[in-house]
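Worksheet: one structure, shown below.
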Amino acid sequence: MDRELVIVIDFGGQYNQLVARRVRECNVYCEIYSYKTELSKIREMHPKGIILTGGPSSCYEEGAATCSPELFALGIPVLGLCYGAQLMSHVLGGKVARAAAREYGRTEVDVDQTSRLFTDVTPHTVCWMSHFDYIAQMAPGFRSTASTKNCPVAAAEDEARKLYAIQFHPEVLHTEEGSKMLWHFVRDICGCRGDWKMDSFVEENITAIREKVGGGKVLCALSGGVDSSVAAVLLSRAVGEQLTCVFVDHGLLRKDEGDQVEKVFGSGRNYKLNFIRVNAQERFYQRLAGVSEPEQKRKIIGEEFIRVFEEEAKKIGAVDFLVQGTIYPDVVESGLGGESTVIKSHHNVGGLPDCVDFREILEPLRSLFKDEVRKVGLELGIPEYLVYRQPFPGPGLGVRIVGEVTPEKVKIVQDADAIYREEIAAAGLDRELNQYFAALTNMRSVGVMGDERTYDYAVALRAVKTVDFMTAEAAEIPWGVLKRVMSRIINEVQGVNRVLYDVSSKPPGTIEFE
Ligand code: XMP
């Protein structure tokens, strides 16, 4: 098959998938491989380019992740980023050492426009640095093509051998012209035509799923959210009648959402999903009673979810595969393994008890970012209003109620959230905001209504703008809209006497509350 491929070699850094995503944005197919992959295997894949990414160690330390010098002699263009840049220099005879000053964050960089990577990049531009080592001496044949105040070799290259090293991270949005640099590498230096598109992802995935599943039975956890809906429809296209979709109503959904999901995906509707709805609200409320610690709540919801599935699976006979709509940001924040830290154990990644009675988990969207999942959804013919639904977390309102979850609190947050969403849509802001919802703080405070003293809950409104959900800014909602929402919530929702607007960005906040 004449498919262009660029491979990313993983040295344990946080941004590998982001690099792969940027390559996909150049319309070139990209796969990620461990640094332990045999050179012969890499050769067989005939990649048009190789990108070495970041990693947590120092390349000159014993036992650090490394690569063979032969990798640079294959005649294939190689781009080293951060650790990858240092490793390239180290392996080819340069010197990497501990820098006097660690560089972290937005940094001004001077680039040399005679480099093919930087032809149309502003000579003085902003990049994102994160390193404690630096290239103290370039490998023979290399010349420096960028520098910062503290880093004389912020980029280097050996044009003749098509080897390029960049100390900063062109893949993150903070590097203002980073996408251009990666485009130049992939399209100009590697010479890729760029004819790969999301529809190829869909077709390739369908074929791969078919091969993997064979005649096996597949059970899908359909929540009605964007990710699981896209995963379910992808699976239904791949294996048709072998798929059963179970929709667990855990009582932590948005107002009326259970009925809406059933209306779209239920039997006799648009999709062949063998749709089963399980009303398990009471079970979840019982297990959550008295529990206020966020991670414990997440674990309980995740575990109970799986139990319900197991029970359902038993009813429909042996099941070989369980499908989950995990997407890449869920994977990152649940800890990539190795060096990275767990921020929140995302429900559809962590929390799977050992006793799960399925042969294997299928996660067809695991390498995609949210906006890419939406593109896949559209390719699959899912209606726009479903595809552009804002994300909703697996543990649902469980992570939007601070502290203990009770049916009364669920009702309060559902009603407040419904009003908020109605008003946001009425103000025409719904497409502009990437995620917005009401949450219930665990705080009660004194208020006055009529002539009466009240002692009721405070509802927090959240609205964020984000591209990848890994960083986010609080949105500036017009004051008039906020006032209308406040007044309606306090008048229409019993048990609330205060409405707060959350202005925190992520980091340091997260989007959800727990
Ligand atoms: P945080 O709160 O981590 O959220 O900033 C980032 C994005 O992920 C969603 N989210 C989840 N999605 N299972 C999911 O499927 C989860 O457990 C989960 N927790 C957070 C959140 O809604 C936001 O879009």
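Convex hull volume of the Cα atoms of the chain, normalised per residue: 169 Å³. Could you pull out which residues in segment 128-150 have an amide N less than 15 Å from a spot 7 Å beyond the Cα of residue 101, following the Cα-Cβ vector? Taking a point 7 Å out along Cα→Cβ of residue 101, the residues of segment 128-150 whose backbone N falls under 15 Å are 129-134, 147-150. The modelled label-to-label distance between residue 108 and residue 203, using points 7 Å beyond Cα along the C-beta direction, is 4.9 nm.
Sequence-distant contacts, meaning Cα pairs under 8 Å at least 6 residues apart, place the relative contact order of segment 228-288 at 42 percent. Arranged from fewest to most other beta-carbon atoms within 10 Å of their beta carbon, 300, 412 become 300, 412.
Pairs of Cα atoms nearer than 8 Å and 6+ residues apart set the relative contact order; for the chain it is 10 percent. For the chain, the 222 nm mean residue ellipticity estimated from helices alone, with every DSSP H stretch of n ≥ 4 adding -39500 (n - 2.57) and the total spread over all residues, rounds to -9000 deg cm²/dmol.
The order of 88, 45, going from fewest to most other C-beta atoms within 10 Å of their C-beta, is 45, 88. Counted by neighbouring Cβ atoms within 10 Å, the residues 71, 79 run from fewest to most as 71, 79. I need the shape label for segment 367-514. Rule: rounded when a/c is under 1.5, else prolate if a/b > b/c, else oblate, with a, b, c from the alpha carbon gyration tensor. Taking the square roots of the gyration eigenvalues as a ≥ b ≥ c, segment 367-514 is prolate. As a calculated quantity, the FRET efficiency between residue 484 and residue 445 at R0 = 25 Å, using C-beta atoms, amounts to about 0.70.
A straight Cα-to-Cα reach below 14 Å connects residue 315 with the aspartates and glutamates 357, residues fewer than 8 places away in its own chain not being considered. Near residue 21: Cβ cut-off under 10 Å, other residues only, Lys/Arg at +1 and Asp/Glu at -1. The net charge is -3.
Read-outs throughout are calculated quantities, based only on the coordinates presented, and are distinct from any laboratory measurement. Computed from a prediction, not measured in an experiment: that's the story for all the values here. Ideal geometry is used to build each Cβ from the backbone, glycine not excepted, and the neighbour counts take in all protein chains shown.
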